[in-house]
Every structure is written in structure tokens, then in C-alpha cells.
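A short worksheet on the structure shown next.
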Amino acid sequence: MLEHPITTPTTTHHSLPGRWTTGAGSGPDPERDWRLRCYVLRASDGLGSAAVMYFVPLMILTLTNSAAWTGISFVAEWVPRLITIGSSGPIVDRYSPQAVALVTSVLRVAVTVAALIGLMAGGGGIVALLFGVAVGMLAEVSFLASESLGAEASRRAGPKAHHVQSTMTGIDQLALLVGPLLGGALLLLSPAMFLGGITVVSCVTTTAAWVLRDSPHNPLEARAVEPFAPVAAVARGLGTIRRTPALAWLVGSLAMGNLVSGVLQVSAPITVTRQLDQSSATVGWIWSLAACAALLAVAAARRAIDRHGLYPVGLVGAVLMCTATITAGLATSLDVYAASIAAMMAAEGALTVVLRTARARLIPADGFATALAASVLLVLAPFPLAGVLVAAAPLDSMSHLVLAVAAAQVAATVLCFRGLWKHRADYEQAPAATDTPTP
């Protein structure tokens, strides 16, 4: 294992089970307070990331009126993201997730203000593209930091780890609900108003990270004993995945799901505004409706996992996602298309709870962020491919492209879930809880 562990802080148990204290008597629960701070950080960070992720392609389409440039901008945004993921995992292990979260939030404020100034100076589409690239890179680093904090909370929760992960996933889906609405409303006013709103949200994230940094229940800061080598660290992370078959099959399934999600995400503005003849604001409403469905699915997944376990819930989610992708490709009306996107997002939400819970159990705490970075790198790698596919497809052939990736998704789902069935004992079982069960 790596030499920079994310360790569990030393704490003292009160005489009552599940209560933490630092002295005599009954007082506040610092562990719960720490977990809530992690949730606040996740919410504010996710809100800004969601707004940027869904509306930078729409800004490019509005400015260029070109499906090819929309796809190219998606590739230009995601390639730097993937490079950042590969090098940021060791950084999180080295300097601690809470320190990295603070630095990235401060940098996001600076980048957003700079983009706002550039746009007001007449920078136009190039400013929007550079802003999307820079903020996307920072979003991946802060995501790894937040995931590392969430994994620590999951390890403390033991058999109730999926409760922590369902809360984290619910927060992400709530951000996907509010983010497109916020971004769409501000973008209708002006791109400058959109960037101004992102600046405000980024300031909230900075405040949350500043408050979190002083918590005594953070994972202890890791101390580096070897020179920083991102490529070698990613290789070690990939080695962890290779030696853990269940994790490898999970990553493969989610990677294929992200190819489908990416194609739908980058093609949605084209499909809605060009093929279905709707306004750009409709794109935001579709994604917000889908986020509502995902929130319900996440809550249902938490209860379903309690009763049936991870594998059955993951399988149902994968089947639903395949079906929704096919119907999205066949949709000829806005209602059917919106319902298909909502079903796809709901299935993705349930699958995310399964993935994160299994991942927290399968990846050792030592060097967690480095192994996490490798898995995230593989899972997100299909996004730039999705941009290339959309850029290469004719404007009136988006439905054929969606159907083609749906067929590939069905084949990949059958293969990956056969592998997950063989190794289900590795991730269905969990160690005893080291913390009070989460609400």
C-alpha cells in the first residue's frame, strides 16, 4: 500500500454506545458535526460544478450555432479534467482532503472572477471555453477531496456505509436539480450574470472549506516520504483495481454508463433546441426534472440495499438505465425524451450509491485517494469520447448515435454484471461499524 494513509483519528468512546466525547458528561456529538460539515462542503461545491457542467456546452452552442463546436468544447473541457484526476489523487493523500478542498475553492473563486472580467471586456466564447476547462479541472480535485472525506465517514459507519453514501449521492443529485435551474435562469439574463452567480456559490464553498479545516475529526494529514510522482501513483492505483476484480467490474460498468450519460448530456441541447424545437431554458428544466427522479431513486436505493444488498439494486439500476437510453434514442416528443432522461438519471443515482459503497469497502484506507483517482479516471474517460462522437455525428443523427451507444451499453452491462455476481462476496460484506450509525 502507499505510504500516505488517510488514517482514522484517535477518539474516546463515551459509556453510551455510539456517543463520542472529549470529556466527562454528555455533550455535543463532534462526529456528527464533522459529518454535517462534510455534507455542507459537498453541497456547495456540487452546486457550482453542476451549473458549469451543464451550461458551458449550451453557451458554446449559443455563441457558435454549431453542433461540431459543441462537441469539441466538451472534449476540450474533459481532457484536462482527466489529466487533473491522474495527478490530484496523490496530492489529496499527501496534504489531506480538507486542505485540498480549501485551496481548490479559493482558486475557483479567482478563476470565476477572472472569467467575469474577461467576458465584460468582450472575450466572448473563448472566455467561456477557458472558464469551463479551468473550473472543470478544479472540480475534479475538489471531488476527490470530498470523496475521500465521504469514504472516511463510510468506514466509520461499517455496515451502514451505504447510508453515508446515499446521503452524499442525494446531495449530488440535489445539486444537479438546483444547478441547472440556477444556471438556466442566470444564463437567460446574461452570461455575465451566470458567472456572477457561480462566483457567489464559490465563495460559499470557500467558507465551508475554511470551517471544515479546523475540525478535530478530519482524517489526519498524511506525511510524504517519497518524491511526488503522479504517473507512478496512478500506476499503483490501477494496480489496486487490477488486483480487485469486483472493483474492476464496477469501474467497467460505470464507465460504460458514463459514455451513455456523456452522449446524452452533450447532445441534449442539440436535440431539444434543434430537433424538438424548444427553448434553451427547456434543457435546464429537463435536467432538473431528471435530478428530482434521481433524488427519489437514491432514497429508494438506500432502503433497497438494507433489504436486498448491493448486487440486486445495482442490477435493477443497470437494466433501467439501458432501457431509458433506448427510449431516449427513439423519442420523437419532448415528453418522452424528458421522461427517458429522468429514468436514466434515476438509474444512475441508484448505481452511484452501489458504486460508492462498494468502492469504500474495496479500496484500503491507505492511499485511498490515489486508488480512487485511478478508478475515477477510468470511469470518466468516456466523457471526451462522448464529445468526439457528438462532434462527428451529423446534426440530424443524434438519435441514431444514442441508439448505437445504448446497444454497446447492453452488451457491457451483461458482461460486467456477470463478473460482479462471481465476486459479490467481496463487496456485499462490511466490517463492524466504528461510528454511530448514520441517520
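Odds and ends about this structure:
- Solvent-accessible surface (1.4 angstrom probe) belonging to ASP306, in square angstrom, nearest 10: 80
- At full extension, ALA411 and ALA425 could sit 2.7 nm farther apart than now, given 0.36 nm per residue minus the alpha carbon distance.
- Distance between modelled label sites at THR332 and ALA404, nm, 7 Å Cα→Cβ extension: 2.3
- Accessible area of CYS322 in the full protein assembly, 1.4 Å probe (Å², nearest 10): 10
- Between VAL113 and VAL211, the contour length at 0.36 nm per residue exceeds the alpha carbon distance by 33.0 nm.
- Solvent accessible area, Å² - SER87, 1.4 Å probe, full protein context: 40
- Spin-label pair VAL200/HIS308, simplified geometry with 7 Å Cα→Cβ offset, distance in nm: 4.2
- Using the Cβ-Cβ distance between MET120 and ALA300 with R0 set to 30 Å, the FRET efficiency from 1/(1 + (r/R0)^6) comes to roughly 0.10.
- Chain lengthening between THR323 and ASP277 when straightened (0.36 nm per residue, less Cα-Cα): 14.1 nm
The values are calculated or read from the model by the stated rules, or taken from the named source; none is laboratory data. On a predicted model such as this, the values are computed, not experimentally measured, just so you know. Every residue, glycine as well, gets a Cβ built from its backbone with ideal geometry; the counts of neighbours run over all protein chains shown. With ligands, DNA and RNA removed, areas are computed over all heavy atoms of the protein, side chains included. Shrake-Rupley method; radii C 1.70, N 1.55, O 1.52, S 1.80 Å.
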